[in-house]
Structure formats: structure tokens, C-alpha cells
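Participant: What follows is a structure written as C-alpha cells; I'll ask about it next.
The values are calculated or read from the model by the stated rules, or taken from the named source; none is laboratory data. These numbers come from a predicted model, not from an experiment. All Cβ positions, even for glycine, are placed from backbone atoms using ideal geometry, and neighbour counts span all protein chains on display. We work out accessible area using only protein heavy atoms, side chains counted, and drop any ligands, DNA or RNA first. Shrake-Rupley method; radii C 1.70, N 1.55, O 1.52, S 1.80 Å.
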Amino acid sequence: MLRFLTAGESHGKGFTVILDGFPAGCKVDTAAINGEFLRRQAGYGRGKRMKIEQDKAEIVSGLKDGFSFGAPIAIFIKNNDFSINKKPAIYSPRPGHADLAGGMKYNLKDYRLVLERASARETVARVAVGALCKQFLGNFKISVFSHVIQIGSARVLKKIGQNSIFKLAERSPLRCVDKKAEKEMIELIDEAAKKGDSLGGVFEVIAQSLPPGLGSYAQWDMRLDGQIASAIISVPAVKAVEIGSAVENSFHFGSDVQDEIFYNQKSGFIRKTNRAGGLEGGITNGGSLVVRGYMKPIATLSQALSSVDIRTKKQVKAFKERADVCAVPSAGVIAESMLGFVLMRSFLDKFGSDSLADIKTNYKSYIDRLKNY
Ligand SMILES: Cc1cc2nc3c(=O)[nH]c(=O)nc-3n(C[C@H](O)[C@H](O)[C@H](O)COP(=O)(O)O)c2cc1C
């Protein structure tokens with residue numbers, strides 16, 4: 001089974017990730033992994049740390065001449081800011097962070113020890129995994145991309161065709177395809193920065209060209225919608241996940257929101273709408289998969305919030321680490337990685353997992369069978 005584990009601390013030596021179960025015979029482009037790191041770091045509203053780190057993937061094991069051979073793939077990403085041993089101890093837990101609950105759980109009173117591992121810097125390792133999964137899915141013309149649809153109260157209202165979203169988002173500072181909405185978003189971020197405040201928002205991740213039949217309704221943990229929701233909500237600060245237009249759908253009568261089924265000789269089964277976001281009964285239905293992540297505003301504020309000194313139990317201001325004002329575009333890129341991982345895992349479940357050649361054969365025979373379904 002495809003799985004991965006990460007290790008590393010925010011100001012430690014770096015991050016290591018081991019991706020196990022990656023099939024043999026896949027070409028891996030290391031430059032493309034570094035390209036994904038750059039996408040993760042970009043986005044209007046990010047803080048100074050992003051200027052310090054220039055993430056580069058060092059492939060430690062599992063590739064020979066740029067190809068996988070079925071062995072676990074280990075990747076190391078060095079931290080330029082390796083200062084964990086010089087950092088001050090933290091005794092005032094930050095609201096909105098793992099500090100207090102994590103300190104209680106692990107019996108730690110220096111919250112530095114919680115912060116270092118709970119930090120979103122860990123997601124650089126997940127993006128390395130996502131880059132590999134996206135490259136694998138590319139063999140089957142499956143693409144995964146994201147864009148921002150809301151920052152604070154500023155929202156995208158203009159409808160843009162799915163096929164243009166990727167190109168437009170890549171060119172824009174907030175990964176937003178609606179120029180008018182993006183201008184409002186940037187103004188809001190500037191206002192928050194000036195006030196020492198922060199913002200959250202909503203990103204949308206889209207996977208295109210998926211075959212129908214990934215996931216299953218047979219058991220609760222095989223449902224792909226559940227696996228996707230879990231993966232996306234595991235991105236730090238993402239507090240809600242929506243599949244398709246689920247929130248809007250909940251306001252309407254059932255007759256208004258189902259995606260009716262039609263058939264024609266040339267295209268087979270078709271839908272004129274995709275309100276279900278490409279999933280029915282926990283299975284991909286052949287439509288584009290559309291997932292939204294709702295990110296809370298960044299918790300660390302330059303106008304520090306109230307907290308308590310764990311040693312004296314006196315009221316103090318919470319510790320402040322250098323922080324982003326808004327990180328929604330980056331969270332979207334991380335969510336692409338998580339979605340890419342879940343989709344690849346499910347794809348290997350269906351089509352086999354040892355070698356790319358066998359997987360391609362199985363995939364083709366399935367697609368051929370569907371043509372006569
Ligand atoms: C890309 C990214 C960057 C983040 N940057 C910061 C930051 O600079 N400051 C901060 O307080 N939280 C930041 N967060 C959010 C925290 O990591 C997160 O809120 C915290 O670990 C607590 O977890 P929770 O919000 O999921 O409960 C970031 C999250 C992401 C995805």
C-alpha cells in the first residue's frame with residue numbers, strides 16, 4: 001500500500017520523508033519536485049521565513065538513473081534556518097496552536113518542543129510526496145491543481161472554465177483567477193498586515209481526467225470522499241472540507257442539485273452539471289473532482305494575544321514567532337499534494353502497484369471494458 005512518513009523540525013537540520021509502495025518503472029523528475037516547493041512558498045501574504053528557505057529535494061534512496069524500482073523512496077530537504085538549539089524556550093502557549101494541548105499531552109513545559117514539530121514547515125515533506133504522486137498520475141493524463149476562491153470577505157464571483165484555471169492561477173500572486181476579487185484580497189491582506197492581524201480563506205483543488213471507479217462504498221474506510229476529507233483537513237489550519245458545491249447544495253431541494261445522467265453514442269454517459277464534485281457513493285464518477293478547503297486565519301499575530309506563563313500562571317502576552325499574514329495559496333498547493341497522494345493510493349488499489357508497465361496494461365483493459373459498458 002502507498003504510504004509515507006515524515007520526520008523533521010521547523011528549525012532542525014531538515015525534513016526527511018519516506019514514500020513506500022511507489023511502483024517500479026516510473027520516471028521521476030527532481031526539478032519538478034523543486035518546482036512544487038517554489039509553488040508552496042509563493043503567495044502574497046507569506047512571511048520572511050519563505051525568503052530564507054530555498055527548498056531543494058535531495059533524493060537519498062529509491063531511484064536509479066531517475067527511475068523508481070519498487071524500493072522505498074527517501075527524500076531530504078535541508079533547512080537553511082537550522083537554529084533549533086539556539087532558539088529561546090517558550091513558556092507562554094500561543095492560542096490557536098498545538099502549544100498548550102501538546103504540552104499537556106507530552107508533559108512538556110517548553111512549548112518550543114511542541115512548535116518545532118507542529119509547525120506547517122513539515123508540509124514541505126508532503127509536497128515532495130505530492131510531486132511524485134502527481135508525476136505518477138501524469139502517466140494517465142490525470143492532473144491536479146488548485147486556486148484561491150476566497151480571502152477573508154473577498155470572494156471570487158466570476159465563473160471561469162476549469163481548463164483555464166491552472167494557467168491563470170499560476171500567473172497570479174494569490175493563485176486567484178478573478179482579477180477584481182484578487183485586487184480586493186490583496187487590499188485586505190495589506191490592511192491585515194498593517195494592523196498586525198491575519199486572514200484565512202478558501203482554496204479549491206481540482207483533479208481532472210480521473211477514471212470512474214476509484215474508491216468504494218463497500219466499507220466506510222474505503223469511501224474516497226472520507227479519505228479525501230481526512231487528507232485535506234490534515235493540512236494545518238484547514239478546518240472544513242467541501243466536496244463539489246456541497247454547502248450550496250444543502251440550501252436547496254433535492255431536485256435542484258443532483259447531476260442528472262444522459263447518454264449519447266459518442267461520449268457515453270454524460271452529466272451537464274458536476275455539483276457532486278466528481279464523487280458519488282464514495283467512488284469517482286468520471287467527472288472532475290472538486291474539493292474546497294476552508295482555512296482559519298493565521299493564529300500568530302504581531303499584536304500578540306493573551307496567554308498564561310506556565311511557570312507562574314500569571315497572565316502574559318503569547319509568544320510571537322515570525323508569521324505569515326495569509327497562507328491560503330500555499331495551503332492550496334499542499335492540499336494538491338495530499339489529494340495527489342490519496343488519488344494515487346486509490347489508483348494503485350484498483351490497477352495494481354508493482355510496476356508501471358503492469359498498471360498501464362490493467363488500466364487500458366479497464367478503460368476498454370468501460371467503452372462497451
Ligand atoms: C502553508 C502554511 C503556513 C502557515 N504559516 C503559519 C504562520 O506563519 N503562523 C501561524 O501561526 N500559523 C501558520 N500556519 C497554521 C498553523 O500551522 C496551524 O494553525 C497550527 O499548527 C495549529 O493547527 P490547527 O490550526 O490545524 O489546529 C500555517 C499553515 C500553513 C498550511
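Participant: Could you check the range 111-208 for helices (runs of 4 or more DSSP H) lying wholly inside it with 2 or more residues that are more than 16 Å from the ligand (Cβ to nearest atom)?
Facilitator: Here the list reads 123-138, 162-170, 179-195.
Participant: Which count do you get for residues in the range 97-110 that are within 15 Å of the ligand (Cβ to nearest atom) and either surrounded by 17 or more Cβ atoms within 10 Å (Cβ to Cβ) or among the basic types (Lys, Arg) (or both)?
Facilitator: The qualifying residues number 7.
Participant: Could I ask something else about it? Kindly list, by first and then second residue, each pair from a residue in the range 107-122 that is under 12 Å from PRO236 (Cα atoms) to a residue that is within 8 Å of the ligand (Cβ to nearest atom) and among the basic types (Lys, Arg), limited to pairs with Cβ atoms under 8 Å and residues at least 6 apart or on different chains.
Facilitator: ARG121/ARG49
Participant: Just to be sure, is PHE341 aromatic (Phe, Trp, Tyr) and touching a residue at least 24 places away in the same chain (Cβ under 8 Å)?
Facilitator: Yes: the conditions hold for PHE341.
Participant: For ILE84, are the conditions met, namely being within 16 Å of the ligand (Cβ to nearest atom), more than 21 Å from the chain's Cα centre (by Cα) and open to solvent by 40 Å² or more (accessible area, probe 1.4 Å)?
Facilitator: So ILE84 fails the test.
Participant: Okay, next question. If ALA331 passes every condition in (1) touching a Phe, Trp or Tyr at 6+ places or on another chain (Cβ under 7 Å); (2) open to solvent by 30 Å² or more (accessible area, probe 1.4 Å) but one, which one does it miss?
Facilitator: Unmet condition: (2).
Participant: Using the structure shown, decide if GLU336 is surrounded by fewer than 20 Cβ atoms within 10 Å (Cβ to Cβ) and either in contact (Cβ under 8 Å) with a residue 60 or more places away in the chain or not aliphatic (A, V, I, L, M) (or both).
Facilitator: No; evaluated as a whole, the condition is false for this residue.
Participant: Under 7 Å between Cβ atoms, at least 6 apart or on separate chains: pull out the pairs that start in the range 135-153 with a residue that is among the charged types (D, E, K, R) and at pLDDT 95 or above and end on any residue that is assigned to a loop (DSSP other than H, G, I, E, B) and open to solvent by 10 Å² or more (accessible area, probe 1.4 Å).
Facilitator: LYS141/SER209
Participant: Hey, any hits in the range 41-48 for a residue that's away from the ligand (no atom under 16 Å from the Cβ) and either more than 19 Å from VAL333 (Cα to Cα) or surrounded by fewer than 22 Cβ atoms within 10 Å (Cβ to Cβ) (or both)?
Facilitator: no
Participant: Right, SER306: over 30 Å from VAL129 (Cβ atoms), surrounded by fewer than 18 Cβ atoms within 10 Å (Cβ to Cβ) and modelled with pLDDT under 95 or not?
Facilitator: So SER306 does not fit the description; no.
Participant: Here are GLU242, GLU248: which of them is more than 16 Å from the ligand (Cβ to nearest atom), within 30 Å of ARG94 (Cα to Cα) and of a type in the set (Asp, Glu)?
Facilitator: GLU242
Participant: Only one residue in GLN258, GLN227, GLN219, GLN265 is modelled with pLDDT under 95 and not hydroxyl-bearing (Ser, Thr, Tyr), so which one is that?
Facilitator: Just a single option satisfies the conditions, and that option is GLN265.
Participant: Checking ALA101 against (1) within 28 Å of LEU132 (Cβ to Cβ); (2) of a type in the set (A, V, I, L, M); (3) not in a strand (DSSP E or B), which test does it fail?
Facilitator: (1)
Participant: State whether the residues of the range 237-245 include one that is acidic (Asp, Glu) and in contact (Cβ under 8 Å) with a residue 40 or more places away in the chain.
Facilitator: yes
Residues checked against (1) more than 27 Å from ALA98 (Cβ to Cβ); (2) crowded, with 20+ Cβ neighbours inside 10 Å:
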position: VAL177; (1), (2): yes, yes
position: SER198; (1), (2): no, yes
position: GLN219; (1), (2): yes, no
position: ILE228; (1), (2): no, yes
position: SER255; (1), (2): yes, no
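Participant: Could you count how many residues in the range 87-96 are out of contact with any helix residue (DSSP H, G or I) (no Cβ under 7 Å at 6 or more places or on another chain) and within 16 Å of the ligand (Cβ to nearest atom)?
Facilitator: Number satisfying all stated conditions: 4.
Participant: Can you give me the number of residues within the range 203-245 that are under 17 Å from GLY332 (Cβ atoms) and among the polar types (S, T, N, Q)?
Facilitator: 2
Participant: Looking only at the range 31-40, count every residue that is open to solvent by less than 20 Å² (accessible area, probe 1.4 Å), under 15 Å from ARG175 (Cα atoms) and more than 13 Å from the ligand (Cβ to nearest atom) and tell me the total.
Facilitator: Here the count works out to 0.
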